[in-house]
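The values are calculated or read from the model by the stated rules, or taken from the named source; none is laboratory data. Predicted model, so just to flag it, every value in this text is computed and none were measured. Glycine gets a Cβ as well: all are built from the backbone with ideal geometry, and neighbour counts include every protein chain shown.
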Amino acid sequence: MAHRIVSVDEGSVAEALGIEPGDELFSINGECVIDLLDYQALSCESRVRMCVRRSAEEVEYEFEKDEYEPIGLNFEKPLMSGTRLCCNDCLFCFVDQLPGHARESLRVKDDDWRLSLMTGSYVTLTNLSDRELDRIVKRRASPLYISVHATDPELRARMLGTERAKRLMGQLKKLADGGIDFHAQAVLCPGINDGAALEETISTLAGFFPRARSLALVPVGLTGHREGLHPLRKYARDEARGVLEIAAKWREKLLRGTGTRFVFPSDELYLTAELPIPPDAEYEDYAQVDDGVGLLRLLETEFSEAWSELPASARQPGGKKKLGIACGTSAGRFLREMIESHPVSGADVKVYPIKNGFFGEEVTVSGLLTGGDLIRGLHGLDREIFLITACMLRDGDNLFLDDSTLGDVERALQKPVVPVGRRGDELLNAIMEAVAWQSR
């Protein structure tokens, strides 16, 4: 397998060897390079033998370098191969629920263990061959993030829409025996994989501890665009409480037996159940925060710690600068209470929960709000500046999910709209900077 080199880092080992853009990498230390993971693993050695093709001629380079020193090659594709796509037909698939006018790039269903390793995205393992599973162990690709949903083979196959889903327990055993750690998630659908099925899932995965590090419990996300799809519904308050009761029982048991609570319900389950978000210590190392587990508590903890370090003169209520914080409807009450209990001198801050018109009002998280939602929800409000989470925007640019831009929203509202990182101290700094902001 050949990988075309598009550039060579200045001052690198590759430049010193005379490798040029347009050359093609074939192998390192006698092993075929399949992708970026192979390249990184094989090139970290201190003694390297590398086969490169230039104009149909193969050239072998043998050299020594510092261990883990980069060779300095950059390739045509970021992963040095295509992204591996999903082969499932999940009854709860969020991509299948996108509105018809959503951009095409949002409809790509990836299920790539390499992205799981690199970015923490979840994979089902249904598209893995035994050879690829062996490569994960060989390359020590750990930890992975695995969408389990249910450990009962028949139930998992029904939820994922493929018989290949039944192979999971054997796959997890091979990974665990090979020293690969993993985090798991279960997307819970009322009446399908909760109750006794959830008890079985928790018990089975806990049996893989310590290779299984944690299990996130996340309620199914439903949009307003489910025509022709499997009939699903959101959790009601008492149903969410039932899930949390199961989780609490296992959390207590596992904490005594293993030293970790292992099971971590998402913020949305607590909000739906109308129960308090647990305290900071109960989230341990916040291993599942990217899955919406402990996100609000971490935000509040960071905000409160940064706020407590301010001088008393900077923590006085009754400011004149009118600021607005836009968020999804589920987080509105929590954020409002946090802001009201931590005043910032000079700031009059109000929290505005915004209904999602792009995906449907049942989608309540802040990160899925669009520019159009903000324009509809914030237009005409008596605020000088609006703050939003940067999670609403595509990484690297100012584009919302509906293809409107940050500039579009600012022009429609005729107010500055400021994206803020997800840390609590970043939100506090943004409020303080907005107080000093001169009107544009």
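For the condition part of a helix (DSSP H, G or I), surrounded by 17 or more Cβ atoms within 10 Å (Cβ to Cβ), in contact with a strand residue (DSSP E or B) (Cβ under 8 Å, 6 or more places away or on another chain) and not aromatic (F, W, Y), what is the one hit in L172, L125, L133, L155?
Step by step, each of L172, L125, L133, L155 is checked, and only L172 is part of a helix (DSSP H, G or I), surrounded by 17 or more Cβ atoms within 10 Å (Cβ to Cβ), in contact with a strand residue (DSSP E or B) (Cβ under 8 Å, 6 or more places away or on another chain) and not aromatic (F, W, Y).
Just give me the residues in the stretch 146-175 being of a type outside the set (K, R) and in contact (Cβ under 8 Å) with a residue 60 or more places away in the chain, in sequence order.
V148, M159, L160, G161, T162, A165
Which of the residues belonging to the stretch 50-99 are among the polar types (S, T, N, Q) and in contact with a Lys or Arg (Cβ under 7 Å, 6 or more places away or on another chain)?
Once the filter is applied, which keeps residues that are among the polar types (S, T, N, Q) and in contact with a Lys or Arg (Cβ under 7 Å, 6 or more places away or on another chain), the stretch 50-99 yields only Q97.
In this structure, is L198 over 19 Å from A287 (Cβ atoms), in a helix (DSSP H, G or I) and touching a residue at least 12 places away in the same chain (Cβ under 8 Å)?
Taking the combined requirement at face value, the residue satisfies it.
Would it be correct to say that G377 is more than 26 Å from Y270 (Cβ to Cβ) and either part of a loop (DSSP other than H, G, I, E, B) or at pLDDT 95 or above (or both)?
no
Considering R261, R256, R241, which residue is out of contact with any Pro (no Cβ under 6 Å at 6 or more places or on another chain), loosely packed, with under 15 Cβ neighbours inside 10 Å and of a type in the set (D, E, K, R)?
The conditions single out R256.
Regarding the stretch 39-53, can at least one residue be identified that is small (G, A, S) and closer than 30 Å to G360 by Cβ?
no
Tally up the residues in the stretch 176-207 that are of a type in the set (S, T, Y) and either closer than 20 Å to F92 by Cβ or in contact with a Leu (Cβ under 6 Å, 6 or more places away or on another chain) (or both), please.
The total comes to 1.
Consider L79 carefully, then state whether it is of a type in the set (A, V, I, L, M) and modelled with pLDDT of 95 or more.
No, not satisfied.
Go through the stretch 264-274 and report how many residues are more than 17 Å from the chain's Cα centre (by Cα) and closer than 13 Å to A248 by Cα.
The qualifying residues number 2.
Sort out which residues of the stretch 219-276 are free of Cβ contacts under 8 Å to residues at least 12 places away in the same chain, over 18 Å from E200 (Cα atoms) and among the basic types (K, R), and write them in order of number.
Selection gives R256 alone.
Of the residues D382, D397, which is outside the structural domain of R103 (by TED's automatic domain parsing) and either within 22 Å of the chain's Cα centre (by Cα) or assigned to a helix (DSSP H, G or I) (or both)?
D397
Of the residues that make up the stretch 202-222, is at least one surrounded by fewer than 19 Cβ atoms within 10 Å (Cβ to Cβ), touching a Pro at 6+ places or on another chain (Cβ under 6 Å) and either at pLDDT 95 or above or in a loop (DSSP other than H, G, I, E, B) (or both)?
Taking every residue of the stretch 202-222 in turn, none turns out to be surrounded by fewer than 19 Cβ atoms within 10 Å (Cβ to Cβ), touching a Pro at 6+ places or on another chain (Cβ under 6 Å) and either at pLDDT 95 or above or in a loop (DSSP other than H, G, I, E, B) (or both).
In the stretch 65-86, how many residues are surrounded by 15 or more Cβ atoms within 10 Å (Cβ to Cβ) and within 21 Å of the chain's Cα centre (by Cα)?
So the count comes out to 3.
Please pick out the residue among G294, G371 that is of a type in the set (G, A, S) and within 19 Å of the chain's Cα centre (by Cα).
Going through G294, G371 in turn, just one is of a type in the set (G, A, S) and within 19 Å of the chain's Cα centre (by Cα): G294.
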